[in-house]
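Step one of this worksheet: look at the structure below.
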Amino acid sequence: MFTISLTCLQCGTTHPMTPTAYICPACEHGTTGMDTGILDVQYDYSALQDALLRGQEINSSRSDVFRYLPLLPVEKPANVPHAGGTPLLSAPRLASRLGLKALYIKDETRNPTRCLKDRATVIAMTMALENGVKDFYCASAGNAAISLASFCGHQGLECHVFVPREASQTRLNWLRRFGADIRVSTGNYDQAFDEAEMAGAKHGWYSRNCAYNPFLVEGKKTVAFEIGEQLGWHVPDLVVSPVGDGCTLGAIGKGFRELSLMGLTERLPRLLGVQAEAIQPLVRRYHGQSTTSDEGTTDAASMAVRRPRNALRLLRELRASEGAMLAVSDQQIASAQKLLAEEAGVIAEFTSSATLAGLIQHAEAESVADKTAILVITGGRLDSDF
Ligand SMILES: *Cc1c(COP(=O)(O)O)cnc(C)c1O
Ligand SMILES: [Zn+2]
């Protein structure tokens with residue numbers, strides 16, 4: 001394996017690479033004003049580059065997440081459903097509507113449970129199976145829980161999920177179907193997250209929380225590898241993703257940075273993170289504004305996170321890529337959801353449609369002529385008709 005260590009994103013301490021590590025023991029969940037001590041997996045990039053020159057980097061016999069095995073913290077793939085390897089679709093009508101040179105949709109709705117979350121779940125399953133784990137847990141607005149419950153069903157393992165009070169019936173029904181042990185919180189996602197971590201620690205269950213278990217974002221970063229490969233290692237100008245805890249876009253940023261560290265690409269795309277107007281803590285933090293609490297509500301349930309747990313990771317990648325954060329209203333998201341279906345043929349879930357709403361807003365603020373943009377359509381689960 002090419003992994004060398006785990007570095008804390010909060011205090012910078014380097015820890016040995018242990019497959020059972022979670023957060024930094026010195027920082028833990030952080031005191032007031034501090035972030036959780038999320039660990040970041042470090043690789044030997046010069047050794048990877050050498051291997052790459054010898055044509056060993058990519059496992060061309062696979063088309064899922066494990067295609068990029070040397071850049072993952074696992075020795076060999078487990079026998080799990082096919083996650084990743086999703087198409088990159090060209091959307092010429094939307095491109096000309098926005099005045100872009102080209103627009104592509106990274107269609108993550110093609111994953112086994114219709115969501116990008118499966119990319120993290122396969123890493124969790126693989127590492128846990130190597131360690132003989134029988135019980136998994138996660139906190140989730142729905143998608144991560146459904147992903148975990150489905151994969152646990154496939155393996156015949158126990159799955160404990162902690163969901164917010166407002167979780168939709170559609171999502172709860174899927175969790176029931178997959179036989180998960182469902183714990184509905186009396187509070188929001190942030191409270192469900194705390195409850196999950198407490199129960200997980202008490203019972204010794206394996207964590208599938210991307211802002212706790214450091215290995216899971218490694219699965220999510222393969223989105224960037226695929227986009228790079230699908231574009232012949234030509235880097236797009238803009239990559240747009242919805243942002244909740246910050247794991248997804250932070251992971252994608254890391255993936256693009258790794259491609260350039262290994263000399264496969266020449267620059268980084270600008271990351272554009274989108275949040276809902278009603279709940280936009282990372283937009284404010286990015287702009288250095290105080291973290292007044294978000295009292296509003298949004299239909300963008302999959303990114304309705306008031307206390308984002310992987311902020312440092314996302315902020316680091318935004319800085320590296322000269323990226324930006326922006327907020328859009330639910331009304332803007334709703335019309336973007338329709339446009340995605342009508343002009344790109346993609347059935348995106350509400351949260352994922354924020355990418356198009358954000359890109360439209362960005363294109364109104366600055367010229368995007370000559371630019372190539374990617375919308376990461378993170379999921380396709382519909383909680384209601386549109
Ligand atoms: C989880 C999720 C997000 C947000 O990802 P974070 O890692 O929390 O920032 C966006 N879209 C969908 C569909 C999701 O399920
Ligand atoms: Zn630390």
* Structure fact -> The equivalent-ellipsoid semi-axes of the chain, taken as the square roots of five times the Cα gyration tensor eigenvalues and listed largest first in whole Å, are 28, 26, 21
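Would you mind getting me the FRET efficiency between residue 76 and residue 176? Use the beta-carbon distance for r and R0 = 45 Å, nearest 0.05. Don't jump to the answer; show the numbers that get you there.
Working: r = 33 Å, r/R0 = 0.74.
Step by step, r from the Cβ atoms, then E = 0.85.
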* If the cut-off is a Cα-Cα distance under 16 Å, which aspartates and glutamates reach residue 221, setting aside same-chain residues fewer than 8 apart in sequence? -> 40, 57, 64, 107, 108, 118, 229, 245, 258, 317
* Quick one: if you take sqrt(5λ) for each eigenvalue of the C-alpha gyration tensor of the range 22-177, what semi-axes come out, biggest first, whole angstrom? -> 27, 25, 20
* Asked: Considering amide H positions built from the backbone, and no H for Pro or chain starts, which residues 5 or more places from residue 206, or on another chain, come under 5 Å of its amide H?
  -> 135, 136, 137
* Asked: Under a point spin-label approximation (7 Å from Cα along Cα-to-Cβ), what is the residue 102-residue 131 distance to one decimal in nm?
  -> 4.1
* Give me the percent of DSSP beta bridges within the chain that run antiparallel, rounded to the nearest 5. => 30
* Asked: What's the exposure ranking of 205, 233, going from fewest to most Cβ atoms within 10 Å?
  -> 233, 205
* Ranking 82, 287 by Cβ neighbours within 10 Å, fewest first, what do you get? -> 287, 82
* Roughly speaking, what is the stretch gain from residue 386 to residue 367, that is 0.36 nm per residue apart minus the C-alpha to C-alpha distance, in nm to one decimal? -> 3.8 nm
* Alpha carbons only, please: Rg and Dmax for the range 1-113, in angstrom. => 19.0, 51
* To do: Pull up the cross-link candidates among the lysines for residue 371, meaning alpha carbon to alpha carbon under 22 Å and not fewer than 8 places away within one chain.
  => 101, 106, 254
* Asked: All other residues with a Cβ under 11 Å from the Cβ of residue 126 taken together, and with Lys, Arg as +1 and Asp, Glu as -1, what is their net charge?
  -> -2
* Excluding residues on the same chain fewer than 8 positions from residue 202, give the aspartates and glutamates whose Cα lies under 14 Å from its Cα. => 135, 194
* Anyone know which of 370, 40, 181 comes out most mobile in the 10 Å Cα GNM of the chain? -> 370
* Structure fact -> Convex hull around the C-alpha positions of the range 111-173: the volume in Å³ per residue is 75
* Asked: Can you give the Rg and Dmax of the range 73-158 based on its C-alpha atoms, in angstrom?
  -> 16.4, 52
* Assuming R0 = 35 Å, what is the FRET efficiency of residue 42 and residue 166, from their Cβ-Cβ distance, to the nearest 0.05? -> 0.40
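If r is the Cβ-Cβ distance from residue 334 to residue 50 and R0 is 35 Å, what FRET efficiency results, to the nearest 0.05? Mind showing how you got there, number by number?
Working: r = 50 Å, r/R0 = 1.42.
Step by step, r from the Cβ atoms, then E = 0.10.
Every read-out reported here was derived from the displayed coordinates using simple, explicitly stated rules and does not represent laboratory data. Predicted model only: the values in this text are computed from it and were never measured. FYI the Cβ positions are ideal-geometry reconstructions off the backbone, even for glycines, and counts take in every protein chain you see.
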